[in-house]
Amino acid sequence: MFGLPDITIAAVGGVVVIVIIALLYWGLTFQGHD
Amino acid sequence: MADMITIVIIGIYFIAMLAIGAWASKKIKNTEDYLVAGRSLDFWVFVLLMIGTVASGMSLLGVSGLGFKLGWPTIWEQIFVPLSIGFCIIFFGVKLHNVAKTAGYMTVQDYLAHRYESPTALRSLSAVAGIIVSLIYLVGQYTAIAIVLIAIFEIPLWLALVIATLVVTAYTTIGGLYAVAWAGVVQSIILIGGVCLMAPLIIWKAGGFTHVNEVMASVNPSLVMPWNPAGAFALPYVVSFAVLLMVGLACAPHVINNILSIRDVKYFKWAPLIAFAAYGIVMFLLKFTGFAGQVLVKEGTIVLPKVANAGDYVILKGIESAIPIEAIWAVFAVIVLAAVMSTTDRLMLTIGAMFSWDIYKKILKPDAPDDRVLLISKIVVVLSALVTMILAINPPEMLAILIWMGIGVMLATFAVPLLAGLYWRGATREGALASMALGLVSALLFGFLNYFKVAVLGVDFAKIPLHFSAYAFIISIVAMVVVSLLTKKTAEKVLDETQTGWYISKQ
C-alpha cells in the first residue's frame, strides 16, 4: 500500500493509532476543573 | 537584494509582531503578568503557544532534510515531537497547575524548591542549568533566522542577525508572555496553514505519495523501512530517540513553563489530542516533502547546492520548483521565520524569568520590589538576545556541538527530578541534586564522546546502540533512586501540599 512495505505501514500506522486512542481516552476521562 | 514584494510581505509580518508587542505591553501591570500572562491564557492561545514553542527552525528545514537523507526510519520524530506536548500536559501539567494556582509558582524552579525543600541549592542549580541550556538552544534559533534572511534578502550575516534580534527582542521585552503567546498564535497559524498549502504541491510535483515511495525503494530499499537493520536509526536507537524527543522536549524549561499560564485546568482535557493532530499533520507533511526531494533530485527537477547540509535546502528548492511565483517564496520565508521566532521569543523570556525570579528575587534580593524584578526580567531578555546574537555571528566550533546536544541535555538534567518529584514520595532533595548534576554532566560527557567518536575503557562511543542521552538519563534515574534511599525523606506536609504520589489527578 502506498508503495511501502507492510511492516512500515503496520509499525508507523500502529503507533499513530495507539497514540490517538490514548489521547482520546485521556480526553474522555479527564475530569479536571478549577 | 530581494524584490519589493518580498520586502513588503516580510515587512508586514515584522510589523504585525511589533504591533502585538505594543498591544501586549498595555496588559503588563506586574511580574506575574509579564512571566505567566497573569495565568489568563485561554484554550486556543495555550494550544497554539505550545505548538509554536515546540516548533523550531529545525521543524521546517531540518525535518525535511533528515527525511531526504535517511527516509522512513526517521519518521518517528513526526510522532514523538508532537506527542511531547501531550506528555508535558498530562504528566507534568495537571499537577503543576493544581499546585501552582495555590502556591503562586512563577517558574518550574518554584515547584522544585517547594517539593524538595531546597529554596537555594536545587533552585539555583536548576535555574543556572536551565539558563545555560536555553542560551545554547537560542543561538541555534538565531542562526536559523539569519539563514532565512540571508537567503531571501541577500544581506550580510551580521545585518540579518541584527534585524531578527531587534524584532524578536522588541516585542518580547515590552509584552512578556502576553506578547509571546499572541505572537505564537499568529506564528502557529502561519506555520500550520502554510505547510498544509505548500507541502502537498511539492509532493504532487514529485508524482504523488505512492510514486515517491516507489522511487525511494528503488534507490535504496532501507529508505522505506521503519528502521535500519543496524547503526543509526536501528530499532534500539529509534526507541531511545522517541523517548528523547517526547520527554526531553516536554521538560525543556521554555516548554514546561507554559503550563503555569493557563486560566483553567479543564483546557488540559483536549489540548493533548488537538496539539498532536495539528502539529502531527504539519510534521508528517514536512517529512513527506523531504521524501519528495529524493524524486525531484533523482529526476533532475531540482538541484541542491553542494554543501554538507544540502538536504536542508530540499523544501526551499521544492517550493521554487512547484510554485514558481516569487511572492510565494517570500511567504515561505515568513513561515520559517514564524517557526523559528515562536521558539526564540519563548526561550528569551524563560531565561529572563529564571534569572529575575529564581536567582535575583528568590536568592539574591528576596526583599526586591515587584517593579524591580520586572525591570530585571526585561534587562535579562535584552542581554540574552545580545549575547546569543554575538555568538551566532561568529559561533565558536564548540557551540555547534552544544546545539546538537540541546534536547538530550534537557532530558538528562530535568526529566528525573520533575517526574520523581511529582510521582515518588521517596524522592529527596539530595536525590534531586545528585540526579540533576550527574544527568547534566554525563549528558555533556557522553555527547562529546559520541560526537568525536571516542573509545573509552573499551566502549566505542561511535557505535553505542542508543542515543547518547539515554545513558545519561539512566545515570540520572540511578542517582535519584540510590541517593534518595540513603537520605532523609521530605516532610509529609510538603508531599501533600505538592500532591506527590502515583496519580495524575485526584478526582
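Which of the residues belonging to the stretch B:40-57 are buried (at least 19 other Cβ atoms within 10 Å of the Cβ) and either in contact with a His (Cβ under 6 Å, 6 or more places away or on another chain) or of a type outside the set (A, V, I, L, M, F, W, C) (or both)?
Those that are buried (at least 19 other Cβ atoms within 10 Å of the Cβ) and either in contact with a His (Cβ under 6 Å, 6 or more places away or on another chain) or of a type outside the set (A, V, I, L, M, F, W, C) (or both): B:Gly52, B:Thr53, B:Ser56, B:Gly57.
Examine the stretch B:177-186 for a residue that is within 13 Å of chain A (Cβ to nearest Cβ) and out of contact with any Phe, Trp or Tyr (no Cβ under 9 Å at 6 or more places or on another chain), and state whether such a residue exists.
no
Yes/no matrix, rows are residues, columns are (1) among the acidic types (Asp, Glu); (2) more than 22 Å from the chain's Cα centre (by Cα); (3) within 30 Å of B:Gly175 (Cα to Cα):
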| site | (1), (2), (3) |
| --- | --- |
| B:Ser384 | no, no, yes |
| B:Ala412 | no, no, no |
| B:Ala427 | no, yes, no |
| B:Met436 | no, no, no |
| B:Gly447 | no, no, no |
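Conditions (1) more than 13 Å from B:Leu61 (Cα to Cα); (2) within 14 Å of chain A (Cβ to nearest Cβ); (3) in a loop (DSSP other than H, G, I, E, B); (4) under 21 Å from the mean Cα position of the chain (by Cα), marked per residue:
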{"site": "B:Val303", "(1), (2), (3), (4)": "yes, no, yes, no"}
{"site": "B:Lys317", "(1), (2), (3), (4)": "no, no, no, no"}
{"site": "B:Ala327", "(1), (2), (3), (4)": "yes, no, no, no"}
{"site": "B:Ala333", "(1), (2), (3), (4)": "no, no, no, yes"}
{"site": "B:Thr344", "(1), (2), (3), (4)": "yes, no, no, yes"}
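Testing B:Glu77 on (1) under 17 Å from the mean Cα position of the chain (by Cα); (2) more than 14 Å from chain A (Cβ to nearest Cβ); (3) farther than 21 Å from B:Ile190 by Cα, one condition comes back false. Which one is that?
(2)
Examine the stretch B:142-152 for a residue that is under 30 Å from B:Thr31 (Cβ atoms), part of a helix (DSSP H, G or I) and away from chain A (no Cβ under 14 Å), and state whether such a residue exists. Step through it out loud before you land on a result.
The first filter runs over the stretch B:142-152 and keeps only residues under 30 Å from B:Thr31 (Cβ atoms), leaving B:142, B:145.
Then drop every residue that is not part of a helix (DSSP H, G or I), which leaves B:142, B:145.
After this cut, where a residue has to be away from chain A (no Cβ under 14 Å) as well, the list is B:142, B:145.
Checking the stretch B:142-152: at least one residue is under 30 Å from B:Thr31 (Cβ atoms), part of a helix (DSSP H, G or I) and away from chain A (no Cβ under 14 Å).
Taking the condition buried (at least 24 other Cβ atoms within 10 Å of the Cβ), among the aliphatic types (A, V, I, L, M) and either closer than 30 Å to B:Ile379 by Cα or free of Cβ contacts under 8 Å to residues at least 12 places away in the same chain (or both), does B:Ala217 pass?
Spelling it out, it is not the case that B:Ala217 is buried (at least 24 other Cβ atoms within 10 Å of the Cβ), among the aliphatic types (A, V, I, L, M) and either closer than 30 Å to B:Ile379 by Cα or free of Cβ contacts under 8 Å to residues at least 12 places away in the same chain (or both).
May I ask you to say which residue of B:His254, B:His211 is in a helix (DSSP H, G or I) and within 13 Å of chain A (Cβ to nearest Cβ)? Show your work before the answer.
Values: B:His254 fails: within 13 Å of chain A (Cβ to nearest Cβ).
Testing whether each residue is in a helix (DSSP H, G or I) and within 13 Å of chain A (Cβ to nearest Cβ) leaves just B:His211.
Is there any pair with a first residue in the stretch A:1-12 that is surrounded by 18 or more Cβ atoms within 10 Å (Cβ to Cβ) and a second that is among the aliphatic types (A, V, I, L, M) and in a helix (DSSP H, G or I) whose Cβ atoms are under 7 Å apart and which are 6 or more apart or on different chains, and what are they?
Pairs that qualify, where the first residue is surrounded by 18 or more Cβ atoms within 10 Å (Cβ to Cβ) and the partner is among the aliphatic types (A, V, I, L, M) and in a helix (DSSP H, G or I), are A:Leu4/B:Val224; A:Thr8/B:Val224.
Is it the case that the stretch B:175-190 has a residue that's at negative phi, touching a Lys or Arg at 6+ places or on another chain (Cβ under 8 Å) and among the hydrophobic types (A, V, I, L, M, F, W, C)?
yes
Taking B:Ala217 and the conditions (1) part of a helix (DSSP H, G or I); (2) of a type in the set (Gly, Ala, Ser); (3) more than 10 Å from chain A (Cβ to nearest Cβ), which numbered condition does it fall short on, given that it satisfies the others?
(3)
Report yes if some residue within the stretch B:28-45 is farther than 17 Å from B:Leu260 by Cβ, of a type outside the set (A, V, I, L, M, F, W, C) and not in a loop (DSSP other than H, G, I, E, B); otherwise report no.
Here is the first cut: in the stretch B:28-45, the ones farther than 17 Å from B:Leu260 by Cβ are B:29, B:44.
After this cut, where a residue has to be of a type outside the set (A, V, I, L, M, F, W, C) as well, the list is B:29.
Then keep just the ones that are not in a loop (DSSP other than H, G, I, E, B); that gives none.
No; the residues of the stretch B:28-45 include none that is farther than 17 Å from B:Leu260 by Cβ, of a type outside the set (A, V, I, L, M, F, W, C) and not in a loop (DSSP other than H, G, I, E, B).
Does B:Met17 qualify as being touching a Gly at 6+ places or on another chain (Cβ under 9 Å) and part of a helix (DSSP H, G or I)?
It is false that B:Met17 is touching a Gly at 6+ places or on another chain (Cβ under 9 Å) and part of a helix (DSSP H, G or I).
I'd like to verify a number: residues in the stretch B:414-428 that are surrounded by fewer than 23 Cβ atoms within 10 Å (Cβ to Cβ) and in a helix (DSSP H, G or I), how many?
The number of residues fulfilling the criteria is 2.
If you check B:Ile256 against the conditions, is it among the aliphatic types (A, V, I, L, M), at pLDDT 95 or above, closer than 30 Å to B:Ala420 by Cα and in contact with a Phe, Trp or Tyr (Cβ under 9 Å, 6 or more places away or on another chain)? If you could, list the steps in order and put the result at the bottom.
On the way: among the aliphatic types (A, V, I, L, M): yes; at pLDDT 95 or above: yes; closer than 30 Å to B:Ala420 by Cα: yes; in contact with a Phe, Trp or Tyr (Cβ under 9 Å, 6 or more places away or on another chain): yes.
Judged against the criteria, B:Ile256 is a match.
Please list, ordered by first then second residue, the pairs with beta carbon atoms under 7 Å, 6 or more apart or interchain, first in the stretch B:3-32 and more than 20 Å from B:Tyr178 (Cα to Cα), second among the basic types (Lys, Arg) and at pLDDT 95 or above.
none
If only one of B:Gly86, B:Gly67, B:Gly62, B:Gly52 is in contact (Cβ under 8 Å) with a residue 40 or more places away in the chain, in a helix (DSSP H, G or I), under 16 Å from the mean Cα position of the chain (by Cα) and over 30 Å from B:Met106 (Cα atoms), which one is it?
B:Gly62
Which numbered condition in (1) modelled with pLDDT of 95 or more; (2) within 14 Å of chain A (Cβ to nearest Cβ) is the only one that B:Gln294 fails?
Failed condition: (1).
State all residues of chain A that are facing another protein chain (nearest Cβ under 7 Å), of a type in the set (Val, Ile, Thr) and closer than 21 Å to B:Ile85 by Cβ; if no residue qualifies, say none.
The answer is A:Val12, A:Val15, A:Val16, A:Val19.
Are any of the residues in the stretch B:457-469 touching a residue at least 24 places away in the same chain (Cβ under 8 Å) and within 17 Å of B:Glu117 (Cα to Cα)?
no
The values are calculated or read from the model by the stated rules, or taken from the named source; none is laboratory data. This structure is a prediction, so every number in the text was calculated from the model and none was measured. With ideal geometry, Cβ positions are generated from the backbone for all residues, glycine too; neighbour counts draw on all protein chains shown.
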